[in-house]
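Written below as structure tokens is the structure these notes are about.
No lab work stands behind these numbers, since they all come straight from the coordinates. Worth saying up front: this structure is predicted, and the values here are computed from it rather than measured. Methodologically, a virtual Cβ is constructed for each residue, glycine included, from the backbone with ideal geometry; neighbour enumeration extends over all protein chains shown.
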Amino acid sequence: MVIKVELERNEQRILGCLIEKEITTPDQYPLSLNALTNACNQKSNRDPVMSLSEADVQDTLHQLKEKHLITLETGFGSRVVKYRHRFCNTEFGELKLSPQELGILCVMFLRGPQTPGELRTRTNRLCEFSDVSIVDSVLNTLSSRNDGPFVTILDREPGKRESRYAHLFGDLTANESVPPQEVKNTPDIPHNIDANSERIDYLELRVEELESKLTELLKRLQ
């Protein structure tokens, strides 16, 4: 039986970044301390946006190492230490997740509680969901696994059409960007706000992908 670990907010952010970069930029993975710090403080696809120092990241990496959730690597002839996650799907680890389960948990580590619609949009670089019903199915699996549960459904917020889901690897409120008292006082939100939010998220993802491809192209031309 898997013993579920409790992750602090910074630990969630670091693991989320390592999982994300392993999938989206495998040629640049594992990550150096500098690259990991930049990933943690990234302004897109993160909620809340953080401003961690390398010392903050180093301290959190030490905590994760003690929990056996990361490993350190050094390349041949290089003194730069790089970091690889051992959160799941490792040779000696017990936690096994499908690509869709891992994609959902990854974006929850990076952005906190989200609706199924938001999860479908925001995992498009990590895994594939043909429609929202598949997201619902995977969320149900994560919430009812024998070695879990790993996610839970939250109470629906005023003015929202969908309930959000949160992971259970840490404090449910750790990644909340809006305090509960502010949510209660928020006026009803137009029904099209979720769709607009998803379109903005999709455009942000496309911009990031294009920037990454442009950077790689410029490196090849140098």
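The table below gives the values:
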item: Likely footprinting exposure, C106, C88, fewest C-beta neighbours within 10 Å first; result: C88, C106
item: HN-Hα J in Hz across the stretch 129-140 - Karplus 6.51, -1.76, 1.60, θ = phi - 60°, x for Gly and Pro; result: 10, 6, 7, 5, 4, 5, 4, 4, 5, 5, 4, 4
item: Rh (Kirkwood; distinct C-alpha pairs) - the stretch 9-85, Å; result: 12.5 Å
item: Net charge contributed by nearby residues that have their C-beta within less than 13 Å of E8 (K/R +1, D/E -1); result: -3
item: Potential lengthening between R220 and T24 on full extension [0.36 nm per residue; Cα-Cα distance subtracted]; result: 68.7 nm
item: Under-5 Å amide H pairs with V151, H placed in peptide plane, nonlocal only; result: S143, L168
item: Stretchable slack from R84 to K65, in nm (0.36 nm times residue separation minus alpha-carbon distance); result: 5.8 nm
item: 23 Å Cα-Cα threshold exceeded, pairs from K43/K65; K21/K96; K4/K43; result: K43/K65; K4/K43
item: FRET efficiency for L154 and S44, using Cβ-Cβ distance with R0 set to 25 Å, rounded to 0.05; result: 0.55
item: Inter-label distance, nm, simple model (7 Å from Cα along the C-beta direction), D171/L210; result: 3.9 nm
item: Per-pair calculated FRET efficiency, R0 = 45 Å: N146 and T74 via Cβ, rounded to 0.05; result: 0.75
